[in-house]
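Beneath this line is the structure, given in structure tokens, with notes to follow.
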Amino acid sequence: MPRLAVLLIALVALAAGAVLVLGRDDGDGPRGTAGTGRATPAVALGGWEHVADPRDVGLRAGWATDPPAMRPVAVPGAAERRVVGGRAGFRSFAGSVGWWRTTLTVPRAGRVAVRFGSVGYRATVWIAGREACEHVGAYEPFDCVADLPAGRHPVMLRADWENPEGQARAGHDRAWWNWGGPNWEVTAREVAPVELQLVALTTRVRRDGSARATLTVRLRARGAGPPTGPRTTVRGTLGDTPVTFPAVALAAGGTARTSARVDLPTPALWAPGRPRLQTLRLRADTAGADAPGLERRVGLRDLRVTRDGRLRLNGRSFRMLGVGLPPDARGHGDALTPRDRREILREIRATGANTVRSQHPLSDAMLTMLDEAGILVWQLVGPFDKAGRFWAQTPQRARRARARILRDVDRMAAHPSIAAWSLTNELAGQGHPNGQAGFLERTAGILQRRTPGVLVATDVWGTHLPRERGPAYARLDAVGFTEYVGIAELPQEPVAVQDAEAVRRVEQLRRLFPSKAIVVTEFGANGNAQNPTAQPGGFAYQAALLRRRIALYAARPDMAGMLVWTLRDYAVSPGFSGGSLGRRQPQLRLSGPLSEKGLFRFDGTAKEAVGAVRQAFARVPRGG
């Protein structure tokens, strides 16, 4: 293979801002950041400054090009310490406006993309004094592309996260605290004539131990150079195995998808406890252009549901044992630092979990960490709805919601940690009468075709289980359900009565869906120091309920998994007082604005329940 010269982007932070240095590298293959699946190269963009704009005067005052004095801040990171309690908490939750700025130095003219991993909530970006892009909605990356001459160019971000109620009405209910600003990494890269994105990787293990991996790549022609020609071919290697994709037609400015299959006689498989990763390197033939390609670490794993509704991972029986994961760090909110992510991983491991559940899409940095750690993810995609609600009730909203789901899926699907797409949060019965069943049936079918290696699921409201089969469930691989018996329901009843009610719900779902995986995706109890420890709401009560309930579910071979809600206490809203739990059990003492179902306190201190869950998980037979 000839030695290819590829562009290397390195970032140097100087007092005046950030400098983007474009240079040469004489290596044999493309370089880039693992986990993004984007065209390489790309590096984190630093050197940021910030100024608050609580009265929203910056636009009229021309701050986009002439801001007032700004102070250095880290991105991702909180521009100011994020407070959730007292009057400051009410002001924080109501939202505000802020401005962030850095500087790019481009040594030669070219097309550059600045990618914002996530901005809460409404973002406007100026590059070199011109508006480059707008975006609405947190937890979704977006690119701002600009053709720049050589020289220094300011990059300015305005973020507006006011009016959380209005955000929810627009389909962006945050489910928890209304954090704002750039909360994930920001990267910069030179735009290649053709950029590659790995959007699916499906592995099927055969009975003889060999495997076939199917890779799907999305190509996008967005460079500033000449047209790429009538056909484009992608080639590369998966580990040491050559990969060649069928050629596709790719018009200037257009996109295309192509898939390739690779047969592996002795595959190195990924699994919890043994998360083996290998390097995928791909490059597009683009009219002789020596463009950078794609490089990322990937894992091969085969997750399926058997005819009797049990999980098999790489041909072996498997159960999901997990915890909920609102990515929230005290003082930082959702702007997690690398240290915050490492602390979350330490806590996950302390519980003995092999799976996490997230109600919002996770960042590439978080998913890459979970890939490396061997932790699976039950991932909700698309708009978040509170229990029984459905935002996408009109054709226009349905199209927007589905497009958002597919963007989420394209970004995350190739991570081996992604185990399931959940299309709802607490679906009620057959779904909202204004079209939810049809939306779920169609969307599930699309996802099964696009990412057959990832389960398609829904999370059902435990007090509103379906009583019959219906189109909302027709195309699903798995059904999750919430269950708070013993804390929100029947807390004063004998343990035998509580356990019988929990079992009844499992049996109801199993009768309806004998071939689908049944997973309790949200269960647990509040635990704080304000309630007597052995009574509902106390630490010992929480630990005992979880220990007992895990043992109850573990005794049922037809239960595919059990996911405790949640790993850590987290901030919900300044007026939060337990939600339905507070209304049903007013005698409980709750510490708003926090949800206190966590196994760890908000400050990271372990509760008694951590040890109880770890011991209970250790006793669960992994297979049915």
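A short reminder: the numbers here are calculations on the coordinates, not readings from a lab. All values reported here derive from a predicted model rather than from experimental measurement. Virtual Cβ from ideal backbone geometry, glycine too; neighbours counted across all protein chains shown.
From the square roots a ≥ b ≥ c of the eigenvalues of the alpha-carbon gyration tensor of the stretch 304-618, which class results: rounded (a/c under 1.5), prolate (a/b over b/c), or oblate?
Details: a/c = 1.38, a/b = 1.24, b/c = 1.12.
Rounded is the answer for the stretch 304-618, as its axis ratio a/c remains below 1.5.
Determine the distance separating the Cα centre of the stretch 314-360 from the Cα centre of the stretch 62-111; give it in Å without decimals.
27
For helix 338-351, report the angle its Cα long axis makes with the longest principal axis of the Cα atoms of the chain; keep it between 0 and 90° and round to the nearest 10°.
The helix 338-351 is inclined about 30 degrees to the chain.
At 0.36 nm per residue, minus the direct Cα-Cα distance, what do ARG235 and ALA252 gain on full extension? Give it in nm, one decimal, please. Can you show the working numbers first?
Working: separation 17, 0.36 × 17 = 6.12 nm, distance 2.02 nm.
Fully extending the segment from ARG235 to ALA252 adds 4.1 nm.
What does the net charge come to around ASP173 if you take all other residues with beta carbon closer than 11 Å to its beta carbon, with K and R at +1 and D and E at -1? Walk me through the numbers before you get to the answer.
Working: positive: ARG169, ARG174, LYS386, ARG389; negative: GLU165, ASP385.
That works out to +2.
Fully extended, how many nm does the chain gain between ARG276 and THR337 (0.36 nm per residue separation, minus their Cα-Cα distance)?
Working: separation 61, 0.36 × 61 = 21.96 nm, distance 2.53 nm.
Difference between extended and current length: 19.4 nm.
How far is helix 364-373 tilted, in degrees, relative to the longest principal axis of the Cα atoms in the chain, given as a value from 0 to 90 rounded to the nearest 10?
For 364-373 against the chain, the angle is about 60 degrees.
Just to confirm my numbers, what's the Cα centroid distance between the stretch 556-624 and the stretch 187-220 in Å?
36
For the stretch 252-337, which trypsin sites (Lys or Arg not before Pro) are in a loop by DSSP, counting at most 16 other Cβ atoms within 10 Å?
On the way: sites: ARG257, ARG261, ARG276, ARG281, ARG283, ARG296, ARG297, ARG301, ARG304, ARG307, ARG310, ARG312, ARG316, ARG319, ARG330; in loops: ARG276, ARG301, ARG307, ARG310, ARG319, ARG330.
Here the sparse-neighbourhood loop sites are ARG276, ARG307.
What FRET efficiency, computed as 1/(1 + (r/R0)^6) with R0 = 56 Å and r the Cβ-Cβ distance, is obtained for ARG399 and ARG504, rounded to the nearest 0.05?
Values: r = 39 Å, r/R0 = 0.70.
With R0 = 56 Å, the Cβ-Cβ based efficiency is 0.90.
For the stretch 295-339, rounded, prolate or oblate, judged on the Cα gyration tensor with a ≥ b ≥ c (square roots of eigenvalues), a/c < 1.5 rounded, else prolate if a/b > b/c? Please list the in-between numbers first.
On the way: a/c = 4.54, a/b = 1.91, b/c = 2.38.
Judged from the Cα gyration tensor, the stretch 295-339 comes out oblate (a/c at least 1.5, b/c at or above a/b).
What is the calculated FRET efficiency for ALA52 to ARG297, with r their C-beta to C-beta distance and R₀ = 45 Å, to the nearest 0.05? Numbers along the way, then the final one.
On the way: r = 39 Å, r/R0 = 0.86.
Once the sixth-power term is evaluated, E becomes 0.70.
What 222 nm value per residue comes from the helices of the chain, counting each DSSP H run with n ≥ 4 as -39,500 (n - 2.57) and dividing by all residues, nearest 500 deg cm²/dmol?
-6000 deg cm²/dmol
Report, ordered by chain and residue number, the lysines lying within cross-link reach of LYS607, taken as a straight Cα distance under 19 Å and ignoring same-chain residues fewer than 8 apart.
LYS597
Residue farthest toward the positive end of the dipole of the chain, with Cβ of Lys/Arg at +1 and Asp/Glu at -1: which of ALA488, ALA353, SER577?
ALA353
Out of these labelled values of Rg and Dmax of the Cα atoms in Å, (1) 27.2, 81; (2) 24.6, 74; (3) 33.5, 120, which was calculated from the coordinates shown here?
Read-out from the structure maps to (2).
Could you tell me whether the stretch 152-291 comes out rounded, prolate or oblate from its Cα gyration tensor? Rule is a ≥ b ≥ c as square roots of the eigenvalues, rounded for a/c under 1.5, then prolate if a/b exceeds b/c, otherwise oblate.
On the way: a/c = 2.41, a/b = 1.32, b/c = 1.83.
Note, shape of the stretch 152-291 comes out oblate.
Return one number: the angle in degrees, 0 to 90 and rounded to the nearest 10, between the long axis of the Cα atoms of helix 495-512 and the longest principal axis of the Cα atoms of the chain.
60
Out of all DSSP beta bridges with both ends in the stretch 506-624, state the antiparallel percent to the nearest 5.
Details: 3 of 10 bridges.
In the stretch 506-624, approximately 30 percent of DSSP beta bridges are antiparallel ones.
Need the C-alpha centroid separation for the stretch 395-443 versus the stretch 447-471, integer Å.
10
In the chain, if the dipole is taken from +1 on Lys/Arg beta carbons and -1 on Asp/Glu beta carbons about the Cα centre, which of ALA606, GLY239, LEU594 is farthest to the positive end?
Of the listed residues, the answer is GLY239.
Find, among the trypsin sites (Lys or Arg not before Pro) in the stretch 59-114, those assigned to loop by DSSP (not H, G, I, E, B) with at most 11 other beta-carbon atoms within 10 angstrom.
Values: sites: ARG60, ARG81, ARG82, ARG87, ARG91, ARG101, ARG108, ARG111; in loops: ARG81, ARG108.
In loop regions of the stretch 59-114 (DSSP not H, G, I, E or B), the sparsely surrounded trypsin sites (Lys or Arg not before Pro) are ARG81, ARG108.
Please rank LYS516, LYS597, fewest neighbouring Cβ atoms within 10 Å first, as an exposure proxy. If you can, show how the numbers build up before the last one.
Numbers: LYS516 20, LYS597 26.
Fewest-to-most Cβ neighbours within 10 Å comes out as LYS516, LYS597.
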